[in-house]
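To keep things clear, I will list the structure first and then write my remarks on it.
The numbers here are math on the coordinates, done by the rules we state, and not lab data. What you see is a predicted model; the values in this text were computed from it and never measured. Here the Cβ is made from the backbone with ideal geometry for all residues, glycine too, and neighbour counts use every protein chain on show.
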Ligand code: NCD
């Protein structure tokens, strides 16, 4: 019997409690040990809306795979140009429609705050799959689950975030989720133009999480976990600024000690050299696969509660 989650809609990592994490991760492990046919009976007959108004590979495919592995079906709207948002329809009206058609809504949208707005009008469970440069809470869940899988614990570790800390919504969500973690220390590595917004520094301070800021990438490799982010080209208003910053950090195999687990939400451009892939402590492809299992656990728990 699962502990019910404390939320019906997941807009921000801030909503997630320690009991939620423990319940989800236990459920995730339980689902992983079931065979394919047994899984198919769990959410048979349910329908999930996948609304992706911004590009996505992992998040979209893993939600779709998660739904289908649980026996649920999916309906999709992909791309801004192809939806009625292009005609000026509001997020609220889009939510009214999708709530009528399906049992759960997953949405990615380019606008900061769009997920909070959507959740207000959704009458079935709503999941934020990324709202602009703001948050991406299911990525944070799978990131922390991956930390547990890789180092055997979700407490007592150090983590460095490297790259575009201003616009990386996965960084924002994982940092916010760390309030549930005991004895964690954070290093923030970014160029001065892409430092972590003040809002997230305040979240760390409020949670009593020690952090330091530097521009020196080498400082990251002393941590247990190094979380590498892409410079988010699509968030820049000035293309020449992006060009100047895009290759500010490039991680190579020779820089990485065996004690440091390398995570990334992916996709990567040049920031993780392909020679890193062969290292046993390069965990980003395992991390992406974990995303499907964590999303299965989340969908199963949310759908079972309504
Ligand atoms: C991330 C995102 O969309 O924020 N990707 C993902 O969901 N795995 C990171 C990124 O695009 O850089």
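Order by neighbour count: 181, 231, 251, fewest other Cβ atoms within 10 Å first, most last.
Ascending number of Cβ neighbours within 10 Å: 181, 251, 231.
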Computed FRET value (nearest 0.05) for residue 240 with residue 304, which takes r as the C-beta separation and R₀ as 41 Å: 0.20
For the chain: relative contact order, % (alpha-carbon pairs under 8 angstrom, 6 or more apart): 19 percent
The range 44-99 shape via C-alpha gyration tensor axes, a/c threshold 1.5: oblate
Distance (nanometres) between label positions extended 7 Å along Cα→Cβ at residue 73 and residue 26: 3.4 nm
Gaussian network model of the chain, Cα within-10 Å springs - most flexible of 56, 240, 77: 240
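Shape verdict for the range 1-155, please, from the Cα gyration tensor: rounded (a/c under 1.5), prolate (a/b greater than b/c) or oblate. Please report the intermediate quantities before stating the final value.
Values: a/c = 1.85, a/b = 1.42, b/c = 1.30.
Prolate, since a/c reaches 1.5 and a/b exceeds b/c.
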Mean ellipticity per residue at 222 nm, deg cm²/dmol - from DSSP H runs of n ≥ 4 across the chain, formula -39500 (n - 2.57): -11000 deg cm²/dmol
Inter-centroid distance (Cα atoms) of the range 75-138 relative to the range 250-271, Å: 32 Å
Choice from 97, 292, 217 showing the highest fluctuation, given a GNM over the chain with Cα pairs closer than 10 Å: 97
Selected from 132, 45, 79 as most flexible by GNM, with the chain as the system and alpha-carbon contacts under 10 Å: 45
Long-range Cα-Cα pairs in the chain (distance over 32 Å), rounded percent: 25 percent
Relative contact order (percent, whole number), the range 96-222, Cα cutoff 8 Å, 6+ residue spacing: 19 percent
Nearest-0.05 FRET efficiency for residue 219 and residue 279, computed from C-beta distance (R0 22 Å): 0.70
